[in-house]
């Protein structure tokens, strides 16, 4: 799950669309990447998903199921763009929002595997700007704390200022953003707004800025932009050819249009860019994301590629209970979180931003994973729909292939 910001869009970033879209009549679109499921099971599942979409007023949705390191199916439903009636398919690109954090965590774990980074050493020794908690100068901030949201770096000023840009990538570089936010004298710096009262390692506090630091740390340790590192060492081996770090690289013709629902309309939003890209800016298709989820649920490997050693993947999914962990979580791992879903306890991460709501669930015990992408701002109804679809898949996975 995520505590991403999800502010209403500004009037200049949206326009009214026709009200009353009949989602229940939208045909399923998108072919399975694995063996085709039985016709009866396929029809039943399609009807179930479309009903969940209708109830939650979700314009477009993509869903993937992985098991034993392989994609069992990936499908699209509804509209990627309402005006043009362009349908969602398995290659439609969605904004992943905070699921991005699990990818950044994987990159950090890979660097740890390579012996380039100790998760428990002070990260400040690798950076070219000072990083310390101004209220607890004797306590170093480590990569493990950043991964677990226990670094003491606060998002208060991050939400107050809103660094996002509609329709384009961020103006600020990651490095400039971090210096402005974390270094005394920076334009976004304040003790109260940038750091919590808790010492590093003492308490949980969700931090988008903390994950931005991890992206900069990866660059300083590896000698290259983390985006290039992940393209070569993660996306390419897994065959993820429709995964993009920037809006400039994302093909508009294949992108899901983000929407906000009102009582009687769908409001079209602009995609957003933000300088804290290591925590929120990745975009991907369900075909690609399901490959990634397949590896994560299967000890770090798919049938033909390995992204992490089994021990490293297990460490990402080792759940702890730091102080002040919110009630909706039962554990915090490195990047991945843990929560109850029905009668199961699953590793997961949600993502949300204007016009997008995403979720990924892992069940390492059964080596199953589910990914779901929606092009609508999260609501209570859409959250319930995503949970219902995930439970349906994990309780009856054998029916789907």
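Odds and ends about this structure:
- Residue in the range 368-381 that is assigned by TED's automatic domain parsing to the domain that holds residue 70, more than 25 Å from residue 68 (Cβ to Cβ) and in a helix (DSSP H, G or I) present: yes
- The conditions of being part of a helix (DSSP H, G or I), outside the structural domain of residue 321 (by TED's automatic domain parsing) and in contact with a strand residue (DSSP E or B) (Cβ under 6 Å, 6 or more places away or on another chain) are met by residue 210.
- If you filter the range 285-294 down to residues that are touching a strand residue (DSSP E or B) at 6+ places or on another chain (Cβ under 6 Å) and closer than 12 Å to residue 103 by Cα, you find that the one that is surrounded by the most Cβ atoms within 10 Å (Cβ to Cβ) is 289.
- When 80, 62 are checked against the criterion of being within 30 Å of residue 310 (Cα to Cα) and either touching a helix residue (DSSP H, G or I) at 6+ places or on another chain (Cβ under 6 Å) or modelled with pLDDT of 90 or more (or both), 62 stands alone in meeting it.
- Tally, over the range 247-280, of residues that are in a loop (DSSP other than H, G, I, E, B) and more than 21 Å from residue 335 (Cα to Cα): 14
- In the range 295-313, the qualifying residues are those that are out of contact with any strand residue (DSSP E or B) (no Cβ under 9 Å at 6 or more places or on another chain) and in a helix (DSSP H, G or I), and the one that is surrounded by the most Cβ atoms within 10 Å (Cβ to Cβ) is 312.
- When residue 204 is tested against (1) in contact with a helix residue (DSSP H, G or I) (Cβ under 7 Å, 6 or more places away or on another chain); (2) assigned by TED's automatic domain parsing to the domain that holds residue 152, only condition (1) is not met.
- Summed over the range 88-120, residues that are touching a strand residue (DSSP E or B) at 6+ places or on another chain (Cβ under 8 Å) and within 23 Å of residue 245 (Cα to Cα) total 15.
- Within the range 180-200, being under 27 Å from the mean Cα position of the chain (by Cα) and farther than 11 Å from residue 136 by Cα holds for 180, 181, 182, 188, 189, 193, 194.
- The criterion of at least 1 residues that are more than 21 Å from residue 181 (Cα to Cα) is met, among helices (runs of 4 or more DSSP H) falling completely within the range 100-170, by 100-113.
- Residue 158 vs. criteria within 25 Å of the chain's Cα centre (by Cα) and at pLDDT 95 or above: yes
- Residue match in the range 233-255 (condition: in contact with a helix residue (DSSP H, G or I) (Cβ under 7 Å, 6 or more places away or on another chain), within 25 Å of residue 140 (Cα to Cα) and touching a residue at least 60 places away in the same chain (Cβ under 8 Å)): no
- Any hit, the range 258-275, residues being touching a strand residue (DSSP E or B) at 6+ places or on another chain (Cβ under 8 Å), closer than 26 Å to residue 109 by Cα and either crowded, with 24+ Cβ neighbours inside 10 Å or not assigned by TED's automatic domain parsing to the domain that holds residue 147 (or both): yes
The values are calculated or read from the model by the stated rules, or taken from the named source; none is laboratory data. Keep in mind it's a predicted model, so treat the numbers as computed, not measured. For neighbour counting, all protein chains shown are included, and Cβ atoms are generated from backbone atoms with ideal geometry for every residue, glycine included.
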